[in-house]
Amino acid sequence: MLTSYYLNKEECKMKQYFSRLWTGLLITFFSFSFISSSYAIDIKLWDLSGRQGQDEFYELLQKEVKKYNPDINVIVTEWENEAYKTQIQLALNGNDGPDVFFNWFGEDSARLARAGLALDLTPYADMEGGYGNFISKGWQDAGAVDGKIYGVANKAVSKYFYYDPAFFDQHNLSVPTTFGELIDTCKSIKAIDPSIVPWPMGNSERWKLNHVITMLNQRVVGAENTKADYALTAPDDELFTNPKYVEAWEKVVELNENCFNDAPNATNPELTRSMFAAQISPMMYCGTWCGGIFASEGFTDFKMFRFPRVEGGADDGTVGFLVAEGLQVSAKTKHPEAAALVASINVSDIMALADAELRGSLISNAALIDQMEDAPHWFTFYVNDIADKSGHVNVLDVLLEANVSNAYLDMGTEVLNGTKSPQEAMDFIRKVALEAKAAM
Amino acid sequence: MNKTQTNSTGFSLSSDRVSVIILLIPALIFCTIFIFIPAFWAIVGSFYSYGMTSLNDWKWVGFDNYIKASQDEFFWIALKNNFIIVFASIVLQVGVGTILAAILDRGIKYGKVIFRTIIFTPMVISSVAVSIIWLIIYDPNVGILNSILKAIGLPTPSMGWLGDPDISIWMIMIVAGWQNTGFMMVLILAGLQGVSKEVYDAAEIDGATGVKAFWYITLPMIRNILIVAILITTIGAFKVFEFVYVLTQGGPSNATQVLGTYIYLQAFNLLHMGYANALSVVLLIIALILGWFQLKASRRA
């Protein structure tokens with residue numbers, strides 16, 4: 001009994017001890033919760049996945065943002081390219097979307113601005129750490145809609161022909177400077193070995209050929225002649241009626257016959273990149289993101305050249321493909337200033353340098369570019385070449401109204417399959433453009 | 001033993017009925033939130049024009065979206081493809097599933113469990129994963145299908161298995177069949193195992209064995225199971241999305257578009273939410289009719 005009494009007494013003490021401990025822990029927990037909920041600002045940032053150095057880049061962004069506001073936590077979510085295009089629209093309409101998000105600048109970003117889903121960032125340009133301190137007026141205007149800034153451009157992407165100089169030297173091939181020479185180069189490569197694909201084309205996701213027709217329209221029709229059609233402001237009887245558009249599609253047919261692999265519409269674009277990186281194919285047209293990919297697959301001795309001019313075309317070959325990209329802020333964010341700060345710090349001098357070094361981006365803020373160590377040869381080429389171009393053209397699937405863009409994507413597939421002629425393709429695009437214009 | 005409760009208004013409820021209502025409430029809440037309310041808004045939205053990025057700007061258009069659908073060639077292509085998938089699925093999945101079930105039930109003596117497991121295995125893999133596997137098999141450059149055909153001297157399609165608008169829908173069918181035939185086989189096998197052995201013994205005395213017994217005994221005896229299998233396949237074929245989306249995204253040039261992918265295209269790529277709602281309502285009506293048939297058939301089964 002005595003033992004039992006002492007045990008009970010001990011139990012009581014233990015119970016009291018644990019009770020106090022629990023109370024203490026609960027108080028501490030709620031205090032911390034209260035403190036953290038009072039001060040922590042979580043900024044959800046959505047970006048595309050698959051880029052090298054992304055983790056290190058965002059770790060640095062978190063540190064840099066904390067220099068301005070230590071309470072901001074940047075929570076990054078990465079998305080696969082195609083899934084992102086849908087997901088971002090859904091998320092921005094919901095109540096749990098990102099505060100800051102990646103976008104391509106052009107019709108995609110402008111549509112969100114017009115719909116009131118993207119925040120006007122103009123008032124934040126000159127705040128402490130604001131983007132106005134870091135990027136030029138020209139780059140700021142890349143995110144402008146009706147004179148207001150709805151996005152902070154941190155980089156641009158361009159496209160080039162990549163080629164294998166060893167193969168070219170071995171077979172005495174020279175870099176083509178005109179479209180005719182490009183076709184001749186393809187013919188020469190096939191003459192060397194018919195099993196070699198001169199220019200692998202993977203159009204299973206439709207956008208690959210869209211980038212080619214973007215450049216062909218530029219080279220054949222020209223920026224001045226396409227402007228009103230692309231904006232759907234041309235009169236109805238003139239909209240997409242310029243016969244040069246058909247001529248551009250005819251060039252696609254020529255490329256398909258002489259340069260591309262069989263079944264381009266069933267070929268994955270990633271596979272074509274590997275075909276070039278493995279030196280199975282000696283040439284391909286690819287974005288500025290491809291240099292790093294080829295290098296990661298073990299091929300670094302490649303060189304680049306511009307999309308050649310077309311003989312008799314409206315463009316002298318100095319205008320290049322360029323799509324600005326950057327971050328927008330959701331109009332629904334609960335922390336507009338913090339979100340604008342994150343989008344701004346993303347283009348600070350330090351972050352821009354890190355963007356170039358870690359992700360190989362063609363950055364909008366080149367203040368520290370001289371400090372870049374061991375820039376790969378392709379990066380130096382991109383920077384110098386873009387600076388040397390006389391103008392830039394945006395890609396059709398970003399630039400055009402959604403229905404017209406989809407028509408262009410569909411017609412790319414049809415023309416490659418030979419199920420529609422260039423004239424039929426343009427007739428269809430014109431029909432869709434007229435409908436889209438009427439619905440505006 | 002029903003206990004009766006009488007409230008102040010004199011209205012009486014049996015305790016069983018109260019239990020039924022209480023037990024139904026959670027399901028009703030979920031159905032209301034996830035089915036009835038979205039369906040209601042889809043019907044309402046089908047009479048308006050609005051986009052994903054203009055959700056607060058609804059414009060009344062009456063029946064315009066339905067009229068547009070009736071004049072939209074791609075909608076008819078999508079509907080036609082759904083019907084192709086329905087009929088091809090019935091032949092491939094139910095037809096082949098029945099034959100496989102019959103073989104497993106009476107045709108082989110050893111290894112039934114192994115064969116059944118192997119044939120059923122694709123069913124437990126995600127449809128997206130299955131589609132990616134077949135995407136690699138069909139690839140015109142590195143795919144094993146082309147390699148085999150070339151090795152034995154047979155021609156391969158110049159536009160690729162998934163790039164040729166004339167054959168791509170059938171290639172999708174093969175993938176769907178490969179994944180779902182196992183399920184049909186198991187379903188029908190369960191029905192076959194319910195057929196009394198004595199019936200076959202009696203038929204054997206009358207001279208009906210093998211294919212004859214299968215035709216005159218087995219098929220009529222599992223008729224109701226077959227009807228259910230056909231209805232499950234039909235409804236699945238109308239709801240098909242992931243195979244098409246992963247393998248072709250509705251291409252090449254809309255040749256493999258089905259209602260599911262076309263609704264997705266209209267809603268999220270072309271931003272015609274009102275029109276996408278109208279197409280969804282059409283799909284809903286088709287699914288309801290088929291669901292009603294399924295319900296009737298399963299009750300009879």
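The values are calculated or read from the model by the stated rules, or taken from the named source; none is laboratory data. None of the values given here were measured: they were computed from a predicted structure. For neighbour counting, all protein chains shown are included, and Cβ atoms are generated from backbone atoms with ideal geometry for every residue, glycine included.
Worth pointing out:
Residue-by-condition table, conditions (1) closer than 27 Å to A:Asp397 by Cβ; (2) among the β-branched types (Val, Ile, Thr); (3) in contact (Cβ under 8 Å) with a residue 24 or more places away in the chain:
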site	(1), (2), (3)
A:Asp108	yes, no, yes
A:Leu117	yes, no, yes
A:Tyr124	no, no, yes
A:Asp141	yes, no, no
A:Lys155	yes, no, yes
A:Lys190	no, no, yes
A:Pro194	no, no, no
A:Asn203	yes, no, yes
A:Arg206	yes, no, yes
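- Inside segment A:235-286, residues that are more than 16 Å from B:Asn141 (Cβ to Cβ), within 27 Å of the chain's Cα centre (by Cα) and among the charged types (D, E, K, R) make up a count of 1.
- Scanning segment A:43-56 for residues that are in contact with a helix residue (DSSP H, G or I) (Cβ under 6 Å, 6 or more places away or on another chain) and either within 14 Å of chain B (Cβ to nearest Cβ) or modelled with pLDDT of 95 or more (or both) gives a single hit, A:Ile43.
- Qualifying positions in segment A:223-244 - free of Cβ contacts under 8 Å to residues at least 12 places away in the same chain and over 17 Å from A:Phe321 (Cα atoms): A:Ala228, A:Ala231, A:Thr233, A:Ala234, A:Pro235, A:Asp237, A:Glu238, A:Pro243
- From A:Glu270, A:Glu250, residue being within 24 Å of A:Ile429 (Cβ to Cβ), of a type in the set (D, E, K, R) and not in a loop (DSSP other than H, G, I, E, B): A:Glu250
- Scanning segment B:195-251 for residues that are under 30 Å from B:Phe268 (Cβ atoms) and either hydroxyl-bearing (Ser, Thr, Tyr) or not assigned by TED's automatic domain parsing to the domain that holds B:Trp178 (or both) yields B:Thr233, B:Thr234, B:Tyr245, B:Thr248.
- Residue that is within 14 Å of another protein chain (Cβ to nearest Cβ), crowded, with 21+ Cβ neighbours inside 10 Å, of a type in the set (A, V, I, L, M) and assigned to a helix (DSSP H, G or I), where the choices are A:Ala338, A:Ala407: A:Ala407
- Residue selected from segment A:253-264 under the condition of a type outside the set (A, V, I, L, M) and in a helix (DSSP H, G or I), by the criterion farthest from the other protein chains (Cβ to nearest Cβ): A:Glu254
- Enumeration of residues in segment A:205-233 that are within 14 Å of chain B (Cβ to nearest Cβ) and among the polar types (S, T, N, Q): A:Asn210
- Qualifying residue in segment B:63-80 (condition: hydroxyl-bearing (Ser, Thr, Tyr), assigned to a helix (DSSP H, G or I) and at pLDDT 90 or above): yes
- Helices (runs of 4 or more DSSP H) lying entirely in segment B:194-239 (those with 3 or more residues that are among the hydrophobic types (A, V, I, L, M, F, W, C)): B:197-205, B:223-239
- Some residue of segment A:387-403 being within 14 Å of another protein chain (Cβ to nearest Cβ), in contact with a strand residue (DSSP E or B) (Cβ under 7 Å, 6 or more places away or on another chain) and touching a residue at least 24 places away in the same chain (Cβ under 8 Å): yes
- Selected residue [closer than 18 Å to B:Ser127 by Cβ and over 17 Å from the mean Cα position of the chain (by Cα)] from B:Gln249, B:Gln266: B:Gln249
- Criterion violated by B:Lys150 - all others in (1) free of Cβ contacts under 8 Å to residues at least 40 places away in the same chain; (2) closer than 25 Å to B:Gln93 by Cα; (3) part of a helix (DSSP H, G or I) satisfied: (2)
- Screening A:Ala314, A:Ala367, A:Ala340 for residues that are over 19 Å from the mean Cα position of the chain (by Cα) and modelled with pLDDT of 95 or more leaves exactly one candidate, A:Ala340.
- Flag if A:Asp237 is more than 14 Å from every other protein chain (Cβ to nearest Cβ), buried (at least 20 other Cβ atoms within 10 Å of the Cβ) and among the acidic types (Asp, Glu): no
- Of the set (1) more than 17 Å from A:Leu45 (Cβ to Cβ); (2) in contact with a helix residue (DSSP H, G or I) (Cβ under 6 Å, 6 or more places away or on another chain), all apply to A:Gly116 but (2).
- Failed condition for A:Arg206, given (1) farther than 18 Å from A:Asp410 by Cα; (2) among the basic types (Lys, Arg); (3) within 26 Å of the chain's Cα centre (by Cα): (1)
- Hits in segment A:243-294 - residues which are over 28 Å from A:Gly222 (Cβ atoms) and of a type in the set (Lys, Arg): A:Arg273
- Segment A:79-106, residues that are more than 14 Å from chain B (Cβ to nearest Cβ), closer than 20 Å to A:Ile41 by Cα and either of a type in the set (Gly, Ala, Ser) or without any contact (Cβ under 8 Å) to a residue 40 or more places away in the chain (or both): A:Asp96
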